[in-house]
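Student: Questions regarding the structure given below will be posed in turn.
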Amino acid sequence: MSLNIFQTAMTQLPLVAILRGITPDEVIDVARTLQTEGFRIIEVPLNSPQPYESIKRLVYTFGDDLIIGAGTVLNCEQVDQHAIGGKVIISPNVNTDVIRRAKAQGLYCIPGFYTVTEAFKAIDAGADGIKLFPAETLGATGLKGMMVVLPNNIPVLPVGGVSNETIAGFIDVGAGGFGLGSGLYKAGMTVAQVAENAKGYVNAYRAAVNRK
């Protein structure tokens, strides 16, 4: 996959919608709502019901209009199964085999890290971006110290407990985007609830960026 596609999506709105627990029957309506609110990147975690079917339907419906990927990818076999049109592999940890397999297949790869050592291990293996996970335990103060040494050409996305109130603080210290989970969507939410949550996050992000 050309990195330009993902980079364009990140430029438009660097918020990744994490749809943990989504089902194939509801995924299109939820994704269409997120697209309306400006989201361009959607992650279906593999511990959701029938995740590959959800990814397949998203790719078929939205094509290149949305960047669709798999999350909670823990091994190379899961990377291989993702060969159904998805473009992104997202992991909660740093597994260099997974990163290299994803890159060998032309996929964008965003592993999770918690320490500077893990961050550089991921970058050295070819990661295109890295996610600070869980971000709420380190906060913006913890990320600030890391950003002093991390390369500025690799986007860092805080994930886990990110709220409308904490977005600005993370942006101030160099965050390049965010992964949004249960604050945006969790199993059982209505499409209307997802739309309201999406509006809140988008407004918070844009307000934080525009005040800089």
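The values are calculated or read from the model by the stated rules, or taken from the named source; none is laboratory data. A quick note: this is a predicted structure, and the numbers were derived from the prediction, not measured. Ideal geometry is used to build each Cβ from the backbone, glycine not excepted, and the neighbour counts take in all protein chains shown. Protein only, heavy atoms only, side chains kept; ligands, DNA and RNA dropped before computing areas. Shrake-Rupley method; radii C 1.70, N 1.55, O 1.52, S 1.80 Å.
Student: Roughly how big is the range 116-172's charge dipole about its Cα centre, with Cβ charges of +1 (Lys, Arg) and -1 (Asp, Glu), in debye to the nearest 20?
Tutor: It comes to approximately 80 debye.
Student: Another question, if that's okay. Quick check on the chain: helices-only [θ] at 222 nm, where DSSP H runs of length 4 and up contribute -39,500 (n - 2.57) each and the sum goes over total residues. Nearest 500, please.
Tutor: Details: 9 runs with 99 residues, N = 212.
Result for the chain, helices only: -14000 deg cm²/dmol.
Student: With an 8 Å cut-off on Cα pairs and a minimum separation of 6 or more residues, tell me the relative contact order of the range 12-142 in percent.
Tutor: 17 percent
Student: Give me the 1.4 Å probe accessible area per residue for the chain, excluding ligands and nucleic acids, in Å².
Tutor: Value for the chain: 43 Å² per residue.
Student: OK, next. Express in nm, to one decimal, how much length is gained between Ile5 and Asn153 on full extension, taking 0.36 nm for each residue of separation and deducting their alpha carbon distance.
Tutor: 51.7 nm
Student: So, with a 1.4 angstrom probe, what is the percent of accessible area on the chain that is carbon and sulfur?
Tutor: C and S atoms contribute 50 percent here.
Student: Also, I was wondering about something else. Please sort 69-80, 36-47 by packing, taking for each peptide the average over its residues of neighbouring beta carbons within 10 angstrom, highest first.
Tutor: 36-47, 69-80
Student: Please state the relative contact order of the range 64-208 as a whole percent: Cα pairs under 8 Å, 6+ residues apart?
Tutor: Here the relative contact order equals 15 percent.
Student: Roughly how big is the range 104-212's charge dipole about its Cα centre, with Cβ charges of +1 (Lys, Arg) and -1 (Asp, Glu), in debye to the nearest 20?
Tutor: 220 debye
Student: If you don't mind, there's one more thing I want to ask. Let me know the number of lysine pairs in the range 73-207 closer than 28 Å at the Cα, not counting same-chain pairs under 8 apart.
Tutor: For the range 73-207, qualifying lysine pairs total 14.
Student: Roughly how many nanometres apart are two label points built 7 Å out from the Cα toward the Cβ at Ala195 and Lys144?
Tutor: Those two pseudo-labels are separated by 3.9 nm.
Student: Which value, in debye to the nearest 20, describes the size of the charge dipole of the chain about its Cα centre when Lys and Arg Cβ atoms bear +1, Asp and Glu Cβ atoms bear -1, and nothing else is charged?
Tutor: That gives the chain a dipole magnitude of about 380 debye.
Student: Which one is right for this structure if mean projected area of the Cα convex hull in nm² is calculated from it: (1) 13.3; (2) 10.2; (3) 12.6?
Tutor: So the structure-derived entry is (2).
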